[in-house]
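These notes are about the structure you will find just below.
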Amino acid sequence: MPHIPRSGTAEIGVLTFEDALVPSENAAPYDRDRWIYVPDFYSEYRYILGTRGSRPLIAVGINPSTAAPGALDNTLKSVERIALANGYDSFLMFNVYAQRATDPDAMEKDMNPLLHRENMKAFAYLLDLAAPAGSGVRPAVWAAWGTVIRKRPWLRDCVRDMIRIGEEREALWFTCGARSKAGGHPHHPLYLKKDAPLDSFDVASYVDTLAAGL
């Protein structure tokens with residue numbers, strides 16, 4: 001079933017990321033030892049969905065769709081396959097913006113500052129989860145948003161905030177598959193070969209190109 005937003009996220013009770021980490025009374029039934037799902041119930045937004053492991057690959061889309069633990073959509077099935085094929089033992093799905101919408105055109109026209117702020121806390125949490133302080137490991141982030149980033153001009157500003165947070169933790173950025181000829185946008189996970197390799201990605205230069213409108 002498609003997910004069409006009921007309203008703008010400013011009009012609903014968005015949980016802070018910290019509050020969303022706390023198990024809720026209306027939690028969906030899923031194996032918490034296997035899955036990370038924040039918040040732990042189906043809602044108009046989602047901060048994190050992924051599997052637990054010691055070496056996760058953080059994949060970044062534009063916005064969440066309908067996937068949930070044990071009910072991955074085709075995009076997340078592809079994300080999981082590619083993570084495993086590239087030597088990671090788990091995947092963590094994050095999104096530039098946390099509002100659920102099957103059709104990105106249905107995303108709200110204006111960014112909700114509260115939702116964005118809490119989503120960036122979720123990103124920092126994932127980076128620290130993937131590479132705990134003192135481990136000597138650098139978190140791996142797969143830019144996987146396709147050309148959908150063009151849907152809203154403020155999405156690039158969200159990515160800029162992600163870059164800053166990633167720089168603080170020495171994150172390594174990657175893409176997978178051919179980038180678009182126009183704009184050099186990262187390839188979306190769908191239709192990639194299951195063993196497609198990751199390629200290093202200069203995400204800061206890419207966002208500068210977006211800002212220049214090239």
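Please treat every number below as a calculation from the coordinates, not as lab data. A quick note: this is a predicted structure, and the numbers were derived from the prediction, not measured. As a convention, Cβ positions derive from the backbone with ideal geometry for all residues, glycine included, and neighbour counts pool all protein chains shown.
In segment 118-213, which strands (runs of 3 or more DSSP E) lie fully inside it and hold 1 or more residues that are among the β-branched types (Val, Ile, Thr) and closer than 24 Å to residue 18 by Cα?
Values: elements: 140-143, 172-176, 198-200.
Correct list: 140-143.
Results for (1) aliphatic (A, V, I, L, M); (2) closer than 19 Å to residue 9 by Cβ; (3) in contact with a Cys (Cβ under 8 Å, 6 or more places away or on another chain); (4) touching a residue at least 12 places away in the same chain (Cβ under 8 Å), shown as yes or no for each residue.
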residue	(1), (2), (3), (4)
124	yes, no, no, yes
132	no, no, no, no
140	yes, no, no, yes
150	no, no, no, yes
154	no, yes, no, yes
158	no, yes, no, yes
172	yes, no, no, yes
195	no, no, no, yes
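Condition check ((1) more than 15 Å from the chain's Cα centre (by Cα); (2) surrounded by fewer than 24 Cβ atoms within 10 Å (Cβ to Cβ)) across all residues:
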site: 65; (1), (2): no, yes
site: 76; (1), (2): no, yes
site: 88; (1), (2): yes, yes
site: 92; (1), (2): no, no
site: 97; (1), (2): no, no
site: 100; (1), (2): no, yes
Review point. Checking residue 48 against (1) in contact with a helix residue (DSSP H, G or I) (Cβ under 7 Å, 6 or more places away or on another chain); (2) free of Cβ contacts under 8 Å to residues at least 24 places away in the same chain, which test does it fail?
Key: (2)
